[in-house]
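First up is the structure itself, then whatever we jot down about it.
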Amino acid sequence: TGETTHTEPAKTETKIAAVDGPWKIAFEPDRGAPPTITLKKLASWSESADPGVKYFSGIGTYTKTINVKPDWFKKDAHVWIDLGDVKNLAEVTVNGKSLGVVWHAPYRVDATAALKPGANEISVRVANPWVNRLIGDEQPGATKYTMADVKPYKANSPLLPSGLLGPVTVIRAVTE
């Protein structure tokens, strides 16, 4: 019948580094959050003791410098940054080069062309929906940051997980 089959070459993935905290996060201004915070380890913004972070909705930019070892690079291999879990979408930049936006699992970007041996700056811009801010605005005595004709959320409505949840890892994928 003229049909042919094609088999993709096998790929071997190896976790070569964990990108653990601390992470610095800069928040958009005028939305209730402090300008910056440092997290010792990744966690949802909604778990923060700071109400400005807990109820924040918008874009938070995570930055961290990692040390890349020369042996991360091998012939016919790609080096990926895997963000773990993200709520809800993220743009990843390495050394000033955007590697694209990820909005569903797996939250991974190919960083082969952007990483270099030595110090590398990773930036992850994460956006979440307005739900937590709407709930925050319903808290007793809260400063209102949103205006809505319909108010589907109450002060005791459950918050949504937000931010870069991780774990962030670096993975090398080799085609065999």
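The values are calculated or read from the model by the stated rules, or taken from the named source; none is laboratory data. Only a predicted model underlies this, so the values are computations on that prediction, with no experimental measurement involved. Positions of Cβ are generated from backbone atoms using ideal geometry, with glycine treated the same way; all protein chains shown enter the neighbour counts. All accessible areas refer to the heavy atoms of the entire protein, side chains included, with ligands and DNA or RNA removed. Shrake-Rupley method; radii C 1.70, N 1.55, O 1.52, S 1.80 Å.
Ignoring ligands, DNA and RNA, please state the percent of accessible area on the chain from carbon and sulfur, probe 1.4 Å.
The nonpolar share, carbon plus sulfur, comes to 54 percent.
Given the Cα-Cα distance of GLU121 and ILE16 and 0.36 nm per residue of separation, how much length would full extension add, in nm?
Difference between extended and current length: 36.1 nm.
Just the ratio, please: alpha-carbon radius of gyration of the range 128-176 over 2.2 N^0.38 Å, N its number of residues.
Here the answer is 1.86, to two decimals.
Rounded to the nearest 5, what % of DSSP beta bridges with both residues in the range 68-176 are antiparallel?
95 percent
Report the extension gain between ALA148 and THR5 in nm, rounded to one decimal, defined as 0.36 nm multiplied by the number of residues separating them, less their alpha carbon distance.
Numbers: separation 143, 0.36 × 143 = 51.48 nm, distance 5.50 nm.
Here the segment from ALA148 to THR5 would lengthen by 46.0 nm.
LEU165 accessible area, nearest 10 Å², 1.4 Å probe?
Around 40 Å² of this residue is reachable by solvent.
Through the Karplus equation 6.51 cos²θ - 1.76 cosθ + 1.60, θ set to phi - 60°, convert the phi angles of the range 149-157 into ³J(HN,Hα) values in whole Hz; use x for Gly and Pro.
6, 9, 10, x, 10, 10, 4, 9, 5
For Kirkwood radius over Cα pairs in Å, one of (1) 16.9; (2) 18.8; (3) 17.9 was computed from the structure I shared and the rest are decoys. Which label?
(3)
At ALA173 and LYS24, where each label point lies 7 Å from the Cα along Cα→Cβ, what is the point-to-point distance in nanometres?
3.1 nm
Once the other residues with Cβ under 11 Å from the Cβ of PHE56 are scored (Lys, Arg +1; Asp, Glu -1), what is the net sum?
Its environment carries a net charge of +1.
Starting from the amide H of SER57, placed 1.01 Å from N in the peptide plane, find each other amide H under 5 Å away whose residue is 5 or more places distant or on another chain.
It is ARG133, by chain and number.
Between ASP85 and ASP71, what is 0.36 nm times their sequence separation minus the Cα-Cα distance? Round to one decimal in nm.
2.4 nm is the gain from fully extending ASP85 to ASP71.
Amide H to amide H, which residues 5 or more places from VAL68 or on other chains are under 5 Å from it, using H placed in the peptide plane?
Long-range HN contacts for VAL68: GLY118, ALA119, ASN120.
With the crude spin-label approximation of a point 7 Å out along Cα→Cβ, what separation in nm comes out for ALA49 versus THR36?
Using points 7 Å along Cα→Cβ, the separation is 2.2 nm.
What is the chain's relative contact order, in percent, from Cα pairs under 8 angstrom and six or more apart in sequence?
Answer for the chain is 33 percent.
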